Amino acid sequence: MKYIVLFCTLFTFSLLAQETKLTAQELSAFKQRVEQETKSLKSIRTDFEQSKHMAFLSNDIQSKGKMYLRSDGSLKWEYTSPNVYSVIFKNNSILINDNGKKSTVSGEQDMFKKINHLISGSVSGKLFDDKEFNISYYKSGKNILVKLIPNNKTLKKYISEVNLYFPQQDATVSKVKLIEPSGDFTLITFINKELNVQIDPSIFNH
Amino acid sequence: MFKLIRVFLITSVFILITTACKHYKVAGTKIESSKERIVVPYFNTAGKEYLYNAKIDVFNNELSGILVVKKLDDKRKRLALLSEFGNTLLDFEMVNNEVNVIYIMEDLNKKLIVAKLKKYFQLLVHSNYEIKQTYSFENGSNLVSKLHGKRIILRNNNNAQLISLQQVSVWREKVKIDFYAEGKHADSIHFKSFEIPVKIKLRMRK
């Protein structure tokens, strides 16, 4: 009896974890849908939940906040819980507000540009034709999963893979998983996402 | 003339030795104590995951992040420092008295920096010290021990609560850690190095 239970459990897990590659037709339809959506995309405003998984911890480390993105590339990542902390990527600068304490970092550095490009590109779905990643597409449960493996040596040292999850009928990302070379990862889930809403420009002020 | 110069030089060296190079003196009156060991209660409950918000001031550059410590078993502890975004900056495993680097980001991976980080974080989480000498003073006691041949002074208040830990050389203080704690939980920890300009403030993450 216990072998039947074990078999059923393993079978269920294998079904849950199943990822099948998109057919050429499915891929073309998916890319077209995302391209159309991103062309008309002017802004995104969303809440997010961030969960850091480390193999040696029993509990993931949780944070929450809001994210604002504008088509001109301005991006604000605002943590509201448990810490108040925000980072604005704007005009090649990184503006940090650490619970009221403000500082600025020059965004000219190659690594910062890549991080900004990766975050805004992940959220808006503009990374698909990026030469810096080796990209593959899968169906995973109710999502389309896009796996990006960096080609860039510098980025590879920090991130071994980026997974973007698109709900099947949605053209924007609902989850981003950043996997580190150790296998530990950060999962960011977007909730209450609003597209093309008016974002007060002062949001991006330091 | 030469005699005068010789007298001047000898006097100068004598003054230098007796003033500038004054031995570091442990405060209090030396007493006999039957206590052979002290166990630091912080970061010392097996299985418990300790999460702290970290503000790090290195050479006048401020960083903020999350410090995670877990006592895996009687011999092993794991310590990781993460950025607010969740990416791992460093990940150390302490086994008995040794520190193994599981991961350290490339920008920090310089021999001298790694050696200092290993030493500082071991001082922060090391929990078992053999008492060599005990000094008593009005508000508590100073217990003198050694770690890797370096002199350690553990200061208890009158309630036998550990309030600070110093690493000192023959001449001067090298590192000081202040614990703001009750029982086994340190709500806040302030770390200061007198070797290089490094300050770390830790506040328990709610």
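The values are calculated or read from the model by the stated rules, or taken from the named source; none is laboratory data. On a predicted model such as this, the values are computed, not experimentally measured, just so you know. So basically every Cβ, Gly included, is an ideal-geometry build from the backbone, and we count neighbours across all protein chains shown.
Report yes if A:Ser28 is outside any strand (DSSP E or B) and not hydrophobic (A, V, I, L, M, F, W, C), otherwise no.
yes
Out of the residues in region A:160-204 meeting the condition of being free of Cβ contacts under 8 Å to residues at least 24 places away in the same chain and of a type outside the set (D, E, K, R), tell me which one is farthest from A:Glu132 (Cα to Cα).
A:Ser202
Evaluate region A:166-177: report whether one residue or more is surrounded by 20 or more Cβ atoms within 10 Å (Cβ to Cβ), within 12 Å of chain B (Cβ to nearest Cβ) and part of a strand (DSSP E or B).
Yes.
Would you confirm whether or not region B:79-95 contains a residue that is part of a helix (DSSP H, G or I), in contact with a strand residue (DSSP E or B) (Cβ under 7 Å, 6 or more places away or on another chain) and either aliphatic (A, V, I, L, M) or within 12 Å of chain A (Cβ to nearest Cβ) (or both)?
No.
Give region A:186-204 a look and list any residue that's farther than 14 Å from A:Gln62 by Cβ and buried (at least 18 other Cβ atoms within 10 Å of the Cβ), or say none.
Passing the criteria: A:Phe190, A:Ile199, A:Phe204.
May I ask you to list the residues in region A:172-206 that are hydrophobic (A, V, I, L, M, F, W, C) and more than 14 Å from the chain's Cα centre (by Cα)?
A:Leu195, A:Val197, A:Ile199, A:Ile203, A:Phe204 - these are the residues of region A:172-206 that are hydrophobic (A, V, I, L, M, F, W, C) and more than 14 Å from the chain's Cα centre (by Cα).
Which members of region B:54-78 meet the condition of being aliphatic (A, V, I, L, M) and in a strand (DSSP E or B)?
B:Ala54, B:Ile56, B:Val58, B:Leu63, B:Ile66, B:Leu67, B:Val68, B:Val69
Residues of region B:161-175 being part of a strand (DSSP E or B) and of a type in the set (Val, Ile, Thr), which ones?
If the condition is that a residue be part of a strand (DSSP E or B) and of a type in the set (Val, Ile, Thr), then B:Ile163, B:Val168, B:Val175 are the ones that fit.
With (1) aliphatic (A, V, I, L, M); (2) facing another protein chain (nearest Cβ under 10 Å); (3) in a strand (DSSP E or B) as the list, and A:Leu57 as the residue in question, which single condition is left unmet?
Condition (3) is where A:Leu57 drops out.
Being within 11 Å of another protein chain (Cβ to nearest Cβ) and closer than 16 Å to B:Leu117 by Cα is the filter; apply it to region B:39-60 and report the residue that is surrounded by the most Cβ atoms within 10 Å (Cβ to Cβ).
Filtering first and then ranking leaves B:Ala54.
Anything in region B:96-108 that is outside any strand (DSSP E or B) and within 18 Å of the chain's Cα centre (by Cα)? List them, or say none.
Answer for region B:96-108, where residues must be outside any strand (DSSP E or B) and within 18 Å of the chain's Cα centre (by Cα): B:Asn96, B:Asn97.
Taking the stated definitions as given, is B:Asp107 more than 23 Å from B:Tyr180 (Cβ to Cβ), within 12 Å of another protein chain (Cβ to nearest Cβ) and loosely packed, with under 14 Cβ neighbours inside 10 Å?
Considered against the rule, which asks whether it is more than 23 Å from B:Tyr180 (Cβ to Cβ), within 12 Å of another protein chain (Cβ to nearest Cβ) and loosely packed, with under 14 Cβ neighbours inside 10 Å, B:Asp107 comes out as yes.
Please work out which one of (1) surrounded by 14 or more Cβ atoms within 10 Å (Cβ to Cβ); (2) touching a Phe, Trp or Tyr at 6+ places or on another chain (Cβ under 7 Å) is the condition B:Gln122 fails and give its number.
The number of the failed condition is (2).
Can you pull out every residue in region B:170-206 that is of a type in the set (Gly, Ala, Ser) and over 17 Å from B:Gln122 (Cα atoms)?
B:Ala181, B:Gly183, B:Ser188
Do we have any residue at all in region B:188-204 that's within 14 Å of another protein chain (Cβ to nearest Cβ), under 26 Å from B:Lys55 (Cα atoms) and over 14 Å from the mean Cα position of the chain (by Cα)?
Checked against the condition, which is being within 14 Å of another protein chain (Cβ to nearest Cβ), under 26 Å from B:Lys55 (Cα atoms) and over 14 Å from the mean Cα position of the chain (by Cα), region B:188-204 yields at least one hit.
Which of the following residues is modelled with pLDDT of 85 or more, touching a strand residue (DSSP E or B) at 6+ places or on another chain (Cβ under 6 Å) and over 22 Å from A:Asp47 (Cβ atoms): A:Ser174, A:Ser140?
Of the residues listed, the single one that is modelled with pLDDT of 85 or more, touching a strand residue (DSSP E or B) at 6+ places or on another chain (Cβ under 6 Å) and over 22 Å from A:Asp47 (Cβ atoms) is A:Ser140.
Somewhere in region A:108-131, is a residue of a type in the set (Val, Ile, Thr) and either part of a loop (DSSP other than H, G, I, E, B) or modelled with pLDDT of 80 or more (or both)?
For region A:108-131, residues of a type in the set (Val, Ile, Thr) and either part of a loop (DSSP other than H, G, I, E, B) or modelled with pLDDT of 80 or more (or both): absent.
Just to be sure I understand, how many residues within region A:141-160 are part of a strand (DSSP E or B) and either on the phi > 0 side of the Ramachandran plot or buried (at least 18 other Cβ atoms within 10 Å of the Cβ) (or both)?
Count: 7.
Can you say whether B:Val170 is among the β-branched types (Val, Ile, Thr), surrounded by 17 or more Cβ atoms within 10 Å (Cβ to Cβ) and at negative phi, as far as the supplied structure shows?
no
What residue, of B:Lys118, B:Lys71, is modelled with pLDDT of 95 or more and within 14 Å of another protein chain (Cβ to nearest Cβ)?
B:Lys71
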